[in-house]
Amino acid sequence: MISIVGIGPGGYDDMTVRAINAIKNADVVTGYSLYVELVRDLIGNKETFCTEMRGEVERCQKAAEYALSGKNVALISSGDAGVYGMAGLMLKVLEDHPEVKTEVIPGVSACQSGGAVLGAPLVHDFAVISLSDLLTPWTLIEKRLEAAAAADFVIVLYNPGSHKRKDYLYHACTSVLKYKSPDTICGLVKNIGREGEHHSIMTLRELQNTTVDMLTTAFIGNSHTTIINGKMITPRGYHI
Ligand code: SAH
């Protein structure tokens, strides 16, 4: 049995009871080392198999091996395992092993936990776009950014930058600025639910000139997004 577990943004309080129980009931816990450390208290002295970033295929193959040998495996992913997470890859790796039972346990994704830190930016239609071009060509990312901006979606950007991809957020904002005003309200949240959580609210022009790291999620409002008492809010349209 493999439980593909979304552990939420990082803190125990943001995990679901199902996720906690899946980890407690597992014989083996596997995941990216940083995330395994986040849930270390729940794992105790169980067997673990960790790999670094880019070790995703190896991690899933190992999880499959453990399951085929009769063990209960918890494969953990940050946020929701089905949002730029491990769920799709794990199910694909098991393509030729339909006898292995699987369950996908949803978690709180960064758009939800980060949105809650900022206020209520996702109360209307939104699009989620990753700026990582490791597995997706940049031309397609740009096309999606422009389409979402043209349709006035609130846009949440995952993987907005890293030490190797310093100018990606700048270029993404350039695409979005073709359709959205430079004064559009935006927000950044770093280390959501973890030590060092930090957020800021700014305009799209300011966001374009901000440097971010990979532990940050960026929110670009729609044309109605506003600031109320320091919170980023996208109105739904109620009249009060
Ligand atoms: N499955 C995860 C997303 C993995 S992609 C989820 O559902 O949240 C990795 C990206 O997610 C990061 O680059 C960042 O943009 C975002 N992210 C994940 N956890 C975060 C956290 N605790 N704080 C801020 N951003 C986070």
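The table below gives the values:
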quantity	calculated
The chain - share of DSSP beta bridges that are antiparallel (%, nearest 5)	45
Carbon and sulfur %, accessible surface of the stretch 49-105 computed with the full protein complex present, 1.4 Å	50
Length released on extending from V17 to H198, taking residue separation times 0.36 nm less the Cα-Cα span	62.5 nm
Under 12 Å, Cβ to Cβ, from L140 - net charge with Lys/Arg +1 and Asp/Glu -1	-1
Residue-averaged 222 nm ellipticity for the chain, from DSSP H runs of 4+ at -39500 (n - 2.57), nearest 500	-8500 deg cm²/dmol
Shape category assigned to the stretch 108-240 from the gyration tensor of Cα positions, a/c cut at 1.5	oblate
Y170/K24 FRET efficiency (R0 41 Å; Cβ-Cβ; nearest 0.05)	0.40
Accessible-area composition of the stretch 145-205, carbon plus sulfur, in percent [1.4 Å probe]	53
Nearest-10 value in Å² for the accessible area of R144, using the 1.4 Å probe	130
Separation of the L135 and Q61 label points, Cα + 7 Å toward Cβ, nm	1.6
Accessible surface, the chain, averaged per residue in Å² (probe 1.4 Å)	51
Spatial separation of Cα centroids for the stretch 57-99 and the stretch 118-155, in angstrom	27
Relative compactness, the chain, computed as alpha-carbon Rg over 2.2 N^0.38 Å	1.08
Within straight-line cross-link reach of K62, lysines at Cα separation under 30 Å, skipping those fewer than 8 residues along the same chain	K24, K46, K71, K92, K101, K164
Virtual spin-label span in nm between K92 and S162, 7 Å along Cα→Cβ	1.7
In nm, spacing of pseudo-spin labels at K143 and K71 (7 Å Cα→C-beta vector)	4.2
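The values are calculated or read from the model by the stated rules, or taken from the named source; none is laboratory data. Small disclaimer: the values here were computed from a predicted structure and weren't measured. Cβ coordinates were reconstructed from backbone atoms using ideal geometry, including for glycine residues, and neighbour counts include every protein chain displayed. For accessibility, only protein heavy atoms count, side chains too; no ligands or nucleic acids. Shrake-Rupley method; radii C 1.70, N 1.55, O 1.52, S 1.80 Å.
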